[in-house]
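A.B. asks: I have a structure here, written as structure tokens, and I will follow up with some questions on it.
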Amino acid sequence: MTVVESVVESVVVRDLLLRQFDVAWQLAWHHLETLSTDECLWRPADRGLHVRQTADGWVADWPTHEGYELGPSSAAWISWHWLYWWHTAIDYTWGRAELTRDAVSWPGSADALRLELRTLHDRWRAALLATDDARLAATEHVRWPFTGRSLADLFAWANMELTKSAAELGAVRFSYPR
């Protein structure tokens, strides 16, 4: 492969990842834009993953498995999990790689959630735009949620997670009694 072919391939990959990210974010924003705190804290069933308010903030349940018997998650838990994976991916790729799930709390309101997710979106998009060809293909920068795979793989994984999180949030919102 020539240098020109290599550069073109990297730009094509970055552009593809960026287009996927932008479409996933549009889907996510569709569900986030009018989300209310009441919807977040509503539980679609008596059991299911949720968040609880403590003296230290909002703490999320952590399942030991992912079986259907857990029941449906609340929008608050889904959005907390969204914050968890995005903050953790950023910390482990561009930060100190020390963030734990206990360090990520649900922000307490839909407005604060939107603000935090918008900030993560902006940081992630800027990181993708700033990633040069060599780093996009490099594996040494990726330490979570997997290792030995390229930064392009991490961006692709995040696109999938963003789409999944948006779909889960949408499903709960469609179930919310109006």
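The values are calculated or read from the model by the stated rules, or taken from the named source; none is laboratory data. Everything quoted here is computed from the prediction, not taken from an experiment. Using ideal geometry, Cβ is built from the backbone for each residue, glycine included, and neighbour counts are taken over all protein chains shown. Note: accessible area is taken over every heavy atom of the protein model, side chains too, but ligands, DNA and RNA are not part of it. Shrake-Rupley method; radii C 1.70, N 1.55, O 1.52, S 1.80 Å.
A.B. asks: Return one number: the angle in degrees, 0 to 90 and rounded to the nearest 10, between the long axis of the Cα atoms of helix 110-130 and the longest principal axis of the Cα atoms of the chain.
C.D. replies: For 110-130 against the chain, the angle is about 10 degrees.
A.B. asks: If one takes the longest principal axis of the Cα atoms in the chain, at what angle in degrees, from 0 to 90 and to the nearest 10, does the Cα axis of helix 3-32 lie?
C.D. replies: The helix 3-32 is inclined about 10 degrees to the chain.
A.B. asks: Using a 1.4 Å probe, how large is the accessible area of residue 114, given in Å² and rounded to the nearest 10?
C.D. replies: The accessible area of residue 114 comes to roughly 40 Å².
A.B. asks: Hey, another quick one. May I ask you to order 74-81, 63-70, 98-105, 136-143 by the average number of other C-beta atoms within 10 Å around their residues, highest value first? Spell out each step's value before the answer.
C.D. replies: Details: 74-81: 25.8, 63-70: 8.2, 98-105: 13.9, 136-143: 15.6.
Answer by packing, highest mean first, reads 74-81, 136-143, 98-105, 63-70.
A.B. asks: Residue-wise, which Karplus ³J(HN,Hα) couplings in Hz belong to the stretch 93-100, taking 6.51 cos²θ - 1.76 cosθ + 1.60, θ = phi - 60°, and x for glycine or proline?
C.D. replies: Each residue's phi maps through the Karplus curve to give 9, 10, x, 8, 6, 10, 5, 10 Hz.
A.B. asks: How are the Cα pair distances of the chain distributed, in percent, across 10 Å bins from 0?
C.D. replies: With a bin width of 10 Å, the distribution comes to 9, 35, 33, 16, 5, 1.
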